[in-house]
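Beneath this line is the structure, given in structure tokens, with notes to follow.
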Amino acid sequence: MNENALCWINQTIKPARDATVSVFDHGLLYGDGVFEGLRFYNGKTFMLEAHLQRLMDSAAGIGLQLPYSSEQIASAIEQLVEAYFGDSGYLRLVVTRGEGSLGIDPRKCARPNLFIIADELAVMDVSDQAVAVALHVAQTRRTPAQCLDPQVKSLNYLNNILARMEATRAGCDEALMLNMDGYVSEGSVDNVFIIVEGVLKTPPLEDGMLAGITRAVVIDVAVREGIPCEEVSLRVSDLLAADECFLTGTGAELIPVGQIDDQLLPVTPTPLLPVIMQGFQNCIAEYCANP
Ligand SMILES: Cc1ncc(COP(=O)(O)O)c(C=O)c1O
């Protein structure tokens with residue numbers, strides 16, 4: 001744990017190592033809760049409104065009443081970012097069902113717990129965004145919406161963790177998860193894009209993935225840059241045949257994919273990804289500029 005990590009909990013900010021929740025918390029006992037991962041740059045939290053909206057949607061998706069209003073949560077984030085030693089970092093916002101009895105019934109939990117950790121960024125083992133990552137097509141399929149809607153960013157990430165463990169065993173950096181129909185859904189913690197003959201393509205949300213906030217920003221960037229963008233179902237074969245392939249996520253931002261299992265993706269002489277990456281950095285700079 002990073003010594004400088006801070007935690008906002010029960011309306012106070014303390015060193016993260018001193019922040020605790022009960023062993024009876026259903027977030028711990030059952031993964032019953034929701035979370036958000038956010039980044040701040042230059043002391044300002046990127047896409048804060050979108051993250052708060054997704055948090056509220058996730059909470060509503062599991063019938064969890066947030067213990068604070070979104071204004072109160074935004075203010076807690078602001079205090080935490082201000083108290084943090086650096087002007088850039090990562091925030092983990094967690095809401096658990098709260099402390100209850102050992103039974104699964106959420107009605108036994110009196111009040112949800114909310115805490116926010118500010119820490120340095122810990123993403124995939126990729127420190128340099130120019131380095132392309134290797135994906136492994138996981139046997140573990142993405143949980144279908146009929147079982148647990150992937151758009152709910154719940155505390156139950158075992159589906160994604162099992163896929164990531166497969167990727168690690170295969171010597172790859174990240175898992176590529178398919179839906180039950182065999183179409184590409186997403187990575188274990190990121191969304192997937194390809195570029196084919198100048199057109200940006202990403203699977204539609206109905207193919208069962210988290211509605212990534214970075215994904216939405218990238219689509220906006222493409223529109224701004226005049227790059228056509230389509231939401232279409234994709235097969236692994238589409239990724240292998242693409243001119244470019246990349247992943248998007250709050251932690252990793254945009255990362256090129258260089259390989260899927262043992263197949264190397266072709267290197268394109270005039271890649272579009274650098275244009276999109278630059279557009280994305282411009283969005284961060286605009287959003288997080290000093291007021
Ligand atoms: C399963 C999953 N998909 C996609 C993403 C990317 O979402 P965002 O861009 O909002 O970080 C995440 C981020 O944590 C994720 O956990």
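The values are calculated or read from the model by the stated rules, or taken from the named source; none is laboratory data. This structure is a prediction, so every number in the text was calculated from the model and none was measured. Because the Cβ atoms are built from the backbone with ideal geometry, glycine has one as well, and the counts that use them run over all protein chains shown.
At-a-glance table
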| quantity | calculated |
| --- | --- |
| Some residue of the stretch 148-157 being more than 11 Å from the ligand (Cβ to nearest atom) and not in a loop (DSSP other than H, G, I, E, B) | no |
| Filter result for M177 (more than 30 Å from N4 (Cβ to Cβ) and either more than 11 Å from the ligand (Cβ to nearest atom) or not small (G, A, S) (or both)) | yes |
| Of residues in the stretch 16-28 being in contact (Cβ under 8 Å) with a residue 12 or more places away in the chain and surrounded by fewer than 19 Cβ atoms within 10 Å (Cβ to Cβ), the one nearest to Q151 (Cα to Cα) | L28 |
| Residue match in the stretch 253-273 (condition: modelled with pLDDT of 95 or more and in a helix (DSSP H, G or I)) | yes |
| Filtered residues of the stretch 193-209 (kept if touching a helix residue (DSSP H, G or I) at 6+ places or on another chain (Cβ under 9 Å) and in contact (Cβ under 8 Å) with a residue 60 or more places away in the chain) | I195, L200, M209 |
| Residues of the stretch 189-208 classified as closer than 17 Å to L148 by Cβ, buried (at least 24 other Cβ atoms within 10 Å of the Cβ) and within 7 Å of the ligand (Cβ to nearest atom), total | 0 |
| Qualifying strands (runs of 3 or more DSSP E) (wholly inside the stretch 28-146; at least 1 residues being among the acidic types (D, E) and away from the ligand (no atom under 13 Å from the Cβ)) | 113-119 |
| Selected residue [within 24 Å of R39 (Cα to Cα) and at pLDDT below 95] from A132, A222, A216 | A132 |
| Residue that is nearest to the chain's Cα centre (by Cα), among those in the stretch 230-273 that are surrounded by fewer than 18 Cβ atoms within 10 Å (Cβ to Cβ) and within 16 Å of the ligand (Cβ to nearest atom) | G251 |
| Some residue of the stretch 161-168 being in the same structural domain as F40 (by TED's automatic domain parsing), touching a His at 6+ places or on another chain (Cβ under 9 Å) and away from the ligand (no atom under 16 Å from the Cβ) | no |
